[in-house]
Amino acid sequence: MSAISNVRWVGMSQGGRLALQLGGLAILSRLLSPDVFGVVAMAAVVTNFANLLRDLGTAAAVIQRKELSAPTIAAAYWFSVGSGVFIGVVLAAAAPLLAGLFRRPDLAGLLRVLALSFPLASLGTVHQALLERDSRFSTVAGIEMLSSSVGLEVAIVTAALGAGAYSIALQTVSVAALSSLQYWRASPWRPRRAGTLLHELRSIWHFSGPLVGFNLINYLGRNADAMIIGRLLGAVALGPYSMAYRLMLFPVQNFTYVANRALFPIYSRGQDAQAPMRALYLRTAGVIASVTAPLMAGTLALRYPFVHVLMGPKWGLTAQVLTWLAPVGFIQSLSSCGGAIYMALGRTRLMMGLGAIGTAIVVASFVIGVRWGVVGVARAYLCANLLTAVPVFFITMRLMGGSMGEFVGRVWRPIAGAALMAAGVALAQSWMQTIGWPQWLQLILGVLLGALLYGGMALRFAGTVLVDVRSLLGSRARS
């Protein structure tokens, strides 16, 4: 397996789907009304939660197993299909009740259509896992891109024909159906009878059960701030906060997601060799830090012109919130990239325990910080992340036989360079603001200055960072 091959294909798939989402949004926003997108957002609250339970961790268990037997694959398949059918039936049956809770009767029909995507997607879940286990990410990327493209075409055509919110639901269903069909064609494995189903399921559940628990706990931690702010401060305060939160999540949802998904099979195949696993993890952390540190530091330094140009002057509160959430984005980009290590080593129970402790601290910080408004919530969130990240880094390194010093040695140079760059950009932006230059010009010149400053300092500490990049690109692991 090649680390760079995996990263390249997963990155291409993620970037391609992101481009399709942005392009699709530009087109569909002209074909559909804001009210339609509101109903779709309500449906997403339900389906996003249901997606956490779709395969109950069976796909990750298939990838993680060092030795994978035919009965285990069969058990994982039938369990995944059963879970998908069950979730689909429950969602369809509960649709009227959920529509009543949201006070939107038209939501019921939308949820019933979306319910079809769960059994359809479950048919290809194990086939996809088998492809990823063998690091066939070029095949997976092709399937994801084709399915997403066809799904977007379905949405655009049906929206133009007047399907309304159902066009988005039909997009989701078509992507699920087409993806499963292609995974079946790409993977030679075919379902068979699982004679020892219960025994194999117990073995799988030992790994996947805590993983599902972690995902549910993480979901609570990711959404508790919105629930607390919405309940106590209202939608007017939640809007600016949610926009800043989405910007904060960008490096986690893209860079860290790509690294975890691409490297998980490699970590899993080398789970008995601590030194190579630790070396690959440290190189990955160094590369992620060298990208996300300047990205979030630059966002922090240019937060006011950035928000003003991107969203307009009425979103000034978002810039204030970014003061505290930008550092959170960097911290989480590093702490989240250790998730693949816990999974590869089969330590999902420890992962769930750490997640529970971290979520408890984070939720408590929201309750305390909300007294000072959304800025207080963001400030408390940063404090909670600083408190929980250090133990996570320490434990992650110990699992691989390493030390905290090794981790710090890999990431301190990008952090220091980004901090100096941000200070220089902030001073320059303050000067440009004083003499009255327009916000768009401040943003453009600030970005250019930041790139020059960080690029120059990167050459100074290239002995570590660039070696990390070259090592990651050349990493190999045998299955």
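Annotations
- Number of the condition not met by V150 [criteria: (1) surrounded by fewer than 20 Cβ atoms within 10 Å (Cβ to Cβ); (2) under 24 Å from the mean Cα position of the chain (by Cα); (3) closer than 13 Å to L31 by Cβ]: (3)
- Matching residues in the stretch 389-414 - criterion: being over 15 Å from C337 (Cα atoms) and either of a type in the set (F, W, Y) or touching a helix residue (DSSP H, G or I) at 6+ places or on another chain (Cβ under 7 Å) (or both): G401, G402, S403, M404, E406, W412, R413, P414
- Residue pairs whose Cβ atoms lie under 8 Å apart, sitting 6 or more positions apart in sequence or on different chains, and linking a residue in the stretch 197-218 that is under 9 Å from G57 (Cα atoms) to a partner that is aromatic (F, W, Y), are I204/F79.
- The stretch 247-274 residues that are closer than 18 Å to T396 by Cβ, paired with ones that are among the small types (G, A, S) and open to solvent by 30 Å² or more (accessible area, probe 1.4 Å) (beta carbon under 6 Å, 6 or more apart): V252/S336; T256/S336; Q274/G401
- Verdict on A141 being open to solvent by less than 40 Å² (accessible area, probe 1.4 Å), part of a helix (DSSP H, G or I) and aliphatic (A, V, I, L, M): yes
- S180 being open to solvent by less than 40 Å² (accessible area, probe 1.4 Å), under 17 Å from S13 (Cβ atoms), touching a residue at least 40 places away in the same chain (Cβ under 8 Å) and outside any helix (DSSP H, G or I): no
- Of the listed requirements (1) open to solvent by 20 Å² or more (accessible area, probe 1.4 Å); (2) closer than 21 Å to S122 by Cβ, T158 misses just one: (2).
- Of the helices (runs of 4 or more DSSP H) lying entirely inside the stretch 1-97, those carrying at least 2 residues that are open to solvent by 60 Å² or more (accessible area, probe 1.4 Å) and under 26 Å from R112 (Cβ atoms) are 3-31, 34-51.
- The residue that is modelled with the lowest pLDDT, among those in the stretch 241-264 that are open to solvent by 20 Å² or more (accessible area, probe 1.4 Å) and closer than 17 Å to G376 by Cβ, is S242.
- Residues located in the stretch 325-354, provided they are open to solvent by less than 10 Å² (accessible area, probe 1.4 Å) and among the small types (G, A, S): A326, G329, S333, G338, A340, A344
- Checking the stated criteria, E132 turns out not to satisfy the condition of being acidic (D, E) and either in contact with a Leu (Cβ under 7 Å, 6 or more places away or on another chain) or within 11 Å of S13 (Cα to Cα) (or both).
- Qualifying position, being charged (D, E, K, R), under 30 Å from I4 (Cβ atoms) and free of Cβ contacts under 8 Å to residues at least 40 places away in the same chain, among E67, E132: E67
- Checked against (1) of a type in the set (A, V, I, L, M, F, W, C); (2) closer than 23 Å to N51 by Cβ; (3) open to solvent by 40 Å² or more (accessible area, probe 1.4 Å), F207 passes all but a single condition, namely (3).
- Verdict on R278 being out of contact with any Phe, Trp or Tyr (no Cβ under 7 Å at 6 or more places or on another chain) and over 30 Å from S430 (Cα atoms): yes
- Among the residues making up the stretch 39-83, those that are touching an Asp or Glu at 6+ places or on another chain (Cβ under 7 Å) and either over 21 Å from R136 (Cβ atoms) or not small (G, A, S) (or both) are V39, I63, P71, T72, A75, S83.
- Flag if V309 is among the β-branched types (V, I, T) and either in contact with a Gly (Cβ under 6 Å, 6 or more places away or on another chain) or open to solvent by less than 40 Å² (accessible area, probe 1.4 Å) (or both): no
- Long-range neighbours under 9 Å by Cβ, at least six apart or interchain, first residue in a helix (DSSP H, G or I) within the stretch 426-439, second surrounded by fewer than 11 Cβ atoms within 10 Å (Cβ to Cβ): Q439/P313
The values are calculated or read from the model by the stated rules, or taken from the named source; none is laboratory data. Worth saying up front: this structure is predicted, and the values here are computed from it rather than measured. Cβ coordinates were reconstructed from backbone atoms using ideal geometry, including for glycine residues, and neighbour counts include every protein chain displayed. These area figures cover heavy atoms from the full protein model, side chains too; ligands, DNA and RNA do not enter into them. Shrake-Rupley method; radii C 1.70, N 1.55, O 1.52, S 1.80 Å.
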